[in-house]
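Undergrad: I am attaching a structure below and will ask some questions about it afterwards.
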Amino acid sequence: MDQLLSEQVQMQDAIVSVAFDKAWRFVEKDPLLAHNRKTVLHSRLCTFLESSIRKGERNTLNLANEAIRSLRAELAPSTEQQGA
């Protein structure tokens, strides 16, 4: 039982790692997120990926895209702030 749980955790970690790499290639060049510190982007991206995988998502592209959407919604400057 412990071995099965350990294998599941390792599989989830591998999926998150692949999804993070896919998302990071976009995030680090995204002009809407450029004003944020890399450590903040990294931390929040990991949080969003882990949240999605806990909800059952296993497709790395879907994980990456959803994490990017969430990161942009949270950290990208709003158009209201830019116009002020």
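Rule-based calculations on the coordinates, nothing more; no lab input. Here the structure is a predicted model, which is why all the values come from computation and not from measurement. As a convention, Cβ positions derive from the backbone with ideal geometry for all residues, glycine included, and neighbour counts pool all protein chains shown.
Undergrad: Note the listed values (i) 1.08; (ii) 0.93; (iii) 1.04, then indicate which one is Rg/Rh (Cα atoms, Kirkwood Rh) calculated from this particular structure.
TA: (i)
Undergrad: Quickly work out the residue 39-to-residue 4 label distance, labels modelled 7 Å from Cα along the C-beta direction, and quote it in nm with one decimal.
TA: 4.1 nm
Undergrad: Using the Kyte-Doolittle scale, which helices in the chain average at least 0.0 and also have C-alpha atoms spread 30 Å or more along the helix axis, with helices defined as whole DSSP H runs?
TA: 2-27
Undergrad: Treat each spin label as a single point 7 Å out from the Cα along the C-beta direction, and report the residue 55 to residue 26 distance in nm.
TA: About 1.5 nm, to one decimal.
Undergrad: Pick out which of 61, 49, 41 has the largest mean-square fluctuation in a Gaussian network model of the chain, springs linking Cα atoms closer than 10 Å.
TA: The residue with the greatest mean-square fluctuation here is 61.
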